[in-house]
Structures are given as structure tokens and as C-alpha cells.
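The values are calculated or read from the model by the stated rules, or taken from the named source; none is laboratory data. These numbers come from a predicted model, not from an experiment. When we count neighbours, we look across all protein chains shown, and the Cβ atoms used for this are built from the backbone with ideal geometry, even at glycine. These accessible areas exclude ligands, DNA and RNA; they are computed on the full protein's heavy atoms, side chains included. Shrake-Rupley method; radii C 1.70, N 1.55, O 1.52, S 1.80 Å.
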Amino acid sequence: MTVIAALEALKTEALDPSESKAALAMIRRNIDLESQLIDDLLDLTKITADKLQLQLESLDAHRAISNVVEMCASEIGAKNLHFSLALRAHEHHVAADAPKFQRIIWNLLKNAIKFTGENGRVTISSSNPSPQSLAIGVADTGIGVEPEIMARIFNRFEQGDLSFQRRFGGLGLGLTISKSLAEAHGGT
């Protein structure tokens, strides 16, 4: 059912409460997806044109990670994923643009959720591999990435083979944006 068809059905038909709830949930998912695609394209345009401006402030990276996890909690629950945090970094304050920093984590976590099957495992970790250094990792038990694709997975519109594009959707911009935002913050 498309968004327009669902809206028309809600407007003109007497749907039972479960049908109405399902239609509204589908509309919400589609609006969220469209909004994300627009945000991705705008960010990519700014990054490409070297017009991205960061508003740096002292940021607790662990708090930012927790915020992103809260935003994705329903999706984690819907797939019955075993989610864990391994936030072991003692030094976890960074100079960052809070929304952009969270966007990096959000894109990585959304990919992990998207490509991990029911009852799979997703972990976000942090560590200090060296002084003045913070490493954040997102690991999952999902479908994985072939070594030959790994070299280009952070390129624009890259999603691996065509079967992934058809099966999972998306434009292949999330990892490109995450990499570009990390680099804009002086990271890798």
C-alpha cells in the first residue's frame, strides 16, 4: 500500500483500528525514509561543495551514542536483536558538532540493524587506542561485506551487488556521509 493510497483509505474508508494503525505506521516509515534521503542528499551536496560548516562544542561521545541507541530502540526491538554497549573509553569527550557526530553513529547503527537478521547481535564499542584518541566501533552479525567491495563501500551510491540494492533499498549514501563527516571532524 503506498502512502497516498493509505491516506485515501484513512480518509474515505471505515478501517478497523488495527488496519488504521498499520496504515499510519507505514506512512510514518515512508516519511522517515523520505526525510532521511533528503537529509543525505543535502549533506552530500554540502560536503561535495566544501560548504559543510561544523559548530564544534565539547561533546560526551558516550551520551551521543546513547541518544542514537534510543532513537533506534524500536527497530532493534522489532528485529529482536541482541544489542550491547561496550563503552570502555575513559576519555570520551570530543570537540564535535553534536548533530553531525550523532549522524555518523546513526548511519552506522542503522546499517548494522538493516543488514542483521532476526535475533542477530549488534554491539557499539568505544576505546582509547592511544592518548587523545577515541575509537568507536559498530559490529554486527549481519550479512557482511565481501573484501573486494570493502575497498569501495564508502564511495557514493555503493551498495555491493545489485541483489542488495533490490533487497534492502537505500541510495548507498549513509557510509559515504559518515566517512565525510568523520573526516570533517578530523577523524577517520
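Show me the strands (runs of 3 or more DSSP E) entirely contained within the stretch 24-140 in which 3 or more residues are closer than 22 Å to Leu181 by Cβ, of a type in the set (Ser, Thr, Tyr) and at pLDDT 95 or above.
121-127
Which pairs turn up if I take residues in the stretch 1-26 that are in contact (Cβ under 8 Å) with a residue 24 or more places away in the chain and look for partners that are open to solvent by 70 Å² or more (accessible area, probe 1.4 Å) with beta carbon separation below 7 Å, at least 6 apart in sequence or on another chain?
The qualifying pairs are Met26/Met1.
Pairs needed: first member in the stretch 124-151, more than 18 Å from Trp106 (Cα to Cα) and among the aliphatic types (A, V, I, L, M); second member anywhere, modelled with pLDDT under 95 and part of a loop (DSSP other than H, G, I, E, B); C-beta distance under 6 Å; at least 6 residues apart or different chains.
Val145/Ile153; Ile149/Gly160
Cβ-Cβ under 9 Å, sequence separation 6+ or interchain: first residue in the stretch 55-70 and in contact (Cβ under 8 Å) with a residue 12 or more places away in the chain and closer than 18 Å to Lys110 by Cα, partner part of a loop (DSSP other than H, G, I, E, B) and not charged (D, E, K, R). Which pairs?
Close Cβ pairs (under 9 Å, with a partner that is part of a loop (DSSP other than H, G, I, E, B) and not charged (D, E, K, R)) amount to Ala61/Ala89; Ala61/His92; Ala61/Leu134; His62/Ala89; His62/His92; Ile65/His92.
Taking Arg166 as meeting all but one of (1) among the basic types (Lys, Arg); (2) under 26 Å from Ile38 (Cβ atoms); (3) modelled with pLDDT of 90 or more, write down the number of the exception.
Condition not satisfied by Arg166: (3).
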